[in-house]
Each structure stands twice: as structure tokens, then as C-alpha cells.
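Since the structure comes first, as C-alpha cells, the remarks are kept for the end.
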Amino acid sequence: MNNQEQSLQFMQIALKYLPQAKEQLDKAGVELSFDIIQPFMDLFSKVMQEAYELGKNDALKELTKE
């Protein structure tokens, strides 16, 4: 799987939870729009990519132990 495919999957996960996040932000009095959320989505993609790589490297280390 390449980075673009992973980013798309990460965005799909984020969008899955977006209504829940919007509800919480609305309760806190924070307005949510796509202009506001875009930088956070980019940041989320970077975090998820790094977490994926960390998990992948851990799995590879476990495989080489056996």
C-alpha cells in the first residue's frame, strides 16, 4: 500500500468520527468548518502515517525474532 492510499484510508477513518467530534465541539461552543478543519486533517494524516510506520516496524522486529 502506498502513502496516497494510506492517507485516503486515514481520511476515511477521520471522517467516520467527524460527526462525533463536531458534536463535542458544538457543545464547547467551537464552530467547525472545512476551512478550519483542513489543517487538522493534514496533521491527523501525518500522525496516522507515523503511527502506521511505528507499528509496521514493531511487527517486522517481532517477525525477525522468531
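The values are calculated or read from the model by the stated rules, or taken from the named source; none is laboratory data. Everything numeric in this text was worked out from a predicted model, so none of it was measured. Every residue, glycine as well, gets a Cβ built from its backbone with ideal geometry; the counts of neighbours run over all protein chains shown. Only protein heavy atoms, including side chains, enter the accessible area calculation; ligands, DNA and RNA are left aside. Shrake-Rupley method; radii C 1.70, N 1.55, O 1.52, S 1.80 Å.
Report the far tail of the P(r) of the chain, meaning the percent of Cα-Cα pairs longer than 19 Å. Numbers along the way, then the final one.
Numbers: 974 of 2145 pairs.
When every Cα pair of the chain is considered, 45 percent fall beyond 19 Å.
What's the angle, to the nearest 10 degrees (0 to 90), between helix 3-27's Cα axis and the longest principal axis of the chain?
40 degrees
In nm, to one decimal, how far is the modelled label at LEU32 from the one at ASN3, with both set 7 Å along Cα→Cβ?
Taking the two extended label points, one gets 2.8 nm.
Keeping the other protein chains in place, figure out the carbon and sulfur percent of the accessible area of the chain, with a 1.4 Å probe.
C and S atoms contribute 60 percent here.
What accessible area per residue comes out for the chain, rounded to a whole number of Å², with a 1.4 Å probe? Kindly include the intermediate steps, with their values, before the conclusion.
Numbers: 5600 Å² over 66 residues.
Heavy-atom accessible area per residue stands at 85 Å².
Under the Karplus relation 6.51 cos²θ - 1.76 cosθ + 1.60, θ = phi - 60°, what is the ordered set of whole-Hz ³J(HN,Hα) values for region 54-63, x standing for Gly and Pro?
Listing the rounded values in order: 4, x, 4, 5, 4, 5, 5, 5, 5, 5 Hz.
Express in nm, to one decimal, how much length is gained between LYS56 and LYS16 on full extension, taking 0.36 nm for each residue of separation and deducting their alpha carbon distance.
On the way: separation 40, 0.36 × 40 = 14.40 nm, distance 2.34 nm.
Once the chain is fully extended between LYS56 and LYS16, it gains 12.1 nm.
With all protein chains present, calculate the accessible area of MET11 using a 1.4 Å probe and round the result to the nearest 10 Å².
It works out to around 50 Å².
Would you list which lysines come within 24 Å of LYS16, measuring only between C-alpha atoms, while excluding same-chain residues fewer than 8 positions from it?
Partners found: LYS27, LYS46, LYS56.
Rounded to the nearest 500, what is the chain's calculated 222 nm mean residue ellipticity when only DSSP H runs of at least 4 contribute -39500 (n - 2.57) each, over all residues?
-31000 deg cm²/dmol
What ³J(HN,Hα) values, in whole Hz, does the Karplus curve 6.51 cos²θ - 1.76 cosθ + 1.60 give for region 34-44 when θ = phi - 60°, with x put for Gly and Pro?
Couplings: 5, 5, 6, 7, 4, x, 6, 5, 5, 5, 4 Hz.
Computed FRET efficiency, Cβ-Cβ of LEU25 and LYS46, R0 22 Å: what is it to the nearest 0.05?
Working: r = 21 Å, r/R0 = 0.95.
Given R0 = 22 Å and the Cβ-Cβ separation, E is 0.55.
With +1 on each Lys and Arg Cβ and -1 on each Asp and Glu Cβ, and nothing else charged, work out how big the dipole of the chain is about its Cα centre, in Debye to the nearest 20.
Numbers: 7 positive and 11 negative charges, 23 e Å.
Charge dipole of the chain: 100 debye, to the nearest 20.
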